[in-house]
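Okay, so here's the structure we're looking at.
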Amino acid sequence: MTDVSSQVEREQSNTLARGPFQKFLRTIGPGFITGASDDDPSGIGTYSQAGAQLGFNIGWTMVMAFPLMAAIQEISARIGRTTGKGISGNLVKYYSVPLLYFIVILLFIANVINIGADLSAMADALNLLVGGPSSVYVVAFALVSVTAIVFLHYSRYVTILKWTTLSLFAYVIAMFLAKVSWTDALSGLVVPRVQWNGTFWTTLMAILGTTISPYLFFWQASQEVEEEKLDPVAKPLKRAPWQATQAFQRIRADTLIGMAISNVIGIAIIITTAATLHKAGVTDITSSTDAAKALEPVAGKFAFIVFAAGIIGTGLLAVPVLAGSAAFAVGEALKWLRYLGWLSTIVMAASALGLAAQWFV
């Protein structure tokens, strides 16, 4: 019963809150970081394209996606907290090796491609802001991310990721810099409008694929495992079921906050591009940097700077998460968890090599 009494003491000390902000910081964790990292530069490109092509009428799909992504992310977090293993660790235990390797290889390839796209978008955004060679910026951003993953202690690294989420609010600022018809914007959020054409259905699939991404499942489950290891009292819930009530309450609040922030930022990007680019007839948007460049003549220099700076900030948050989720998946599958930092480095190197090959072809 020592574990029970220790947890009771900890719960009592937690209720002695020093203030609402301290309570909030204690609540947020894996779910908050996971939700924020979902708005990576590739996702920003998807939301920008959606707003530019379809205007406010696509906003309701983000509201529809919220409960879906919140539910599956909470399930992923519960798997990690209950078993003490991530998604790959559970696949190793309960499923066949071929299925395990198939899933992990697909995740690895998808994350490598996504990291490459994000690094390229970050480099292009910095090039738009200050000029200079994008290839050098790609290497610099990759090195910064690898250094943080390999050399920072997990608790310090997570703290940095939490503060990096503030970069997301650049898109809220950009939204308020645009001249938004709030009646139309709110109508687009609450009134489903289906268009029977290829553009609408392609955009809908892109939004669902962006908001509900496999790397997020692996990341949040693995982070629950890491958080549990840092807590001397916490144990996998299958061994300590008396901890379940508090753990599940924290996971639900953390996940709902993270997914809500993710969707609010996505909605802000859609509203911004709908009110500016779509209204001006600029619909040929294929990336986040395209959206940033197109915003300047429509919404002004400051909106362009805020939007481009946001691409860099969100990339610095998302790229380590993408590399980390792939590293956790491979590490658990091969039982190489002690080499997580170096596995992340391999993922980053593969992404950088892919970009280099693309440049020289």
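For the chain, with only Lys/Arg (+1) and Asp/Glu (-1) charged at the beta-carbon, what is the dipole magnitude about the Cα centre, in debye rounded to 20? Please list the in-between numbers first.
Working: 23 positive and 20 negative charges, 138 e Å.
Dipole magnitude for the chain comes out near 660 debye.
Which aspartates and glutamates does Lys279 reach when only Cα atoms under 19 Å apart count, and residues fewer than 8 places away in its own chain are ignored? Of all the aspartates and glutamates, those that pass the test against Lys279 - Cα under 19 Å, at least 8 places apart if same chain - are Asp184, Asp290, Glu296. The P(r) of the range 25-144 has a tail past 24 Å containing 49 percent of all C-alpha pairs. Were the residues from Thr159 through Trp242 laid out at 0.36 nm apart, the gain over their Cα-Cα distance would be 27.1 nm.
When a/c is below 1.5 the answer is rounded, else prolate if a/b is larger than b/c, else oblate, so apply that to the range 122-169 with a ≥ b ≥ c taken from the square roots of the Cα gyration tensor eigenvalues.
Values: a/c = 4.78, a/b = 1.59, b/c = 3.00.
Note, shape of the range 122-169 comes out oblate.
Relative to the longest principal axis of the Cα atoms of the chain, helix 41-54 runs at roughly 40 degrees. Phi angles across the range 114-121 convert, under the Karplus curve 6.51 cos²θ - 1.76 cosθ + 1.60 with θ = phi - 60°, into 3J(HN,Hα) values of 5, 4, x, 5, 5, 4, 5, 5 Hz, Gly and Pro given as x. With 18 Å as the limit on Cα-Cα distance, the pairs of Lys235/Lys335; Lys162/Lys238; Lys93/Lys238; Lys162/Lys301 that go past it are Lys235/Lys335; Lys162/Lys238; Lys162/Lys301. Per the Debye calculation on the chain with a single equal scatterer at every Cα and no solvent contribution, log₁₀ I(q)/I(0) for q = 0.07, 0.09, 0.10, 0.12 Å⁻¹ amounts to -0.31, -0.51, -0.63, -0.89. Computed from backbone phi with θ = phi - 60° and the Karplus coefficients 6.51, -1.76 and 1.60, the 3J(HN,Hα) list for the range 262-277 is 4, 6, 4, 5, x, 5, 4, 5, 4, 5, 4, 6, 5, 6, 10, 5 Hz; x is used for glycine and proline. Per-residue accessible area (protein heavy atoms, 1.4 Å probe) orders Tyr171, Tyr101 as Tyr101, Tyr171, starting from the largest. Per-residue surface analysis assigns Ile160 an accessible area of about 80 Å², computed on protein heavy atoms at 1.4 Å probe radius.
Here the range 38-87 and the range 158-175 have alpha carbon centers that stand 17 Å from each other. Modelled spin-label separation between Val63 and Tyr95, with each label point placed 7 Å from Cα along the Cα-to-Cβ direction: 3.5 nm. Ordered by 1.4 Å accessible area with all protein chains kept, Leu107, Leu68 run largest first as Leu68, Leu107. Per residue, the convex hull around the alpha carbon atoms of the range 193-313 comes to 155 Å³. Excluding ligands, DNA and RNA, the accessible surface per residue across the range 52-191 is 48 Å² with a 1.4 Å probe. Note that the range 242-257 has calculated 3J(HN,Hα) couplings of 5, 8, 5, 4, 5, 5, 5, 5, 5, 4, 5, 4, 4, 5, 4, 5 Hz, one per residue in order, obtained from phi through the Karplus relation 6.51 cos²θ - 1.76 cosθ + 1.60 (θ = phi - 60°); glycine and proline are x.
Estimated at 0.36 nm per residue, the fully extended path between Ile75 and Leu208 surpasses their Cα-Cα distance by 46.1 nm.
The values are calculated or read from the model by the stated rules, or taken from the named source; none is laboratory data. Nothing here was measured: the structure is a model prediction, and the numbers come from that model. Neighbour counts run over all protein chains shown; Cβ positions are idealised from the backbone, glycine included. Calculation scope for accessible area: heavy atoms of the full protein, side chains included, ligands and nucleic acids excluded. Shrake-Rupley method; radii C 1.70, N 1.55, O 1.52, S 1.80 Å.
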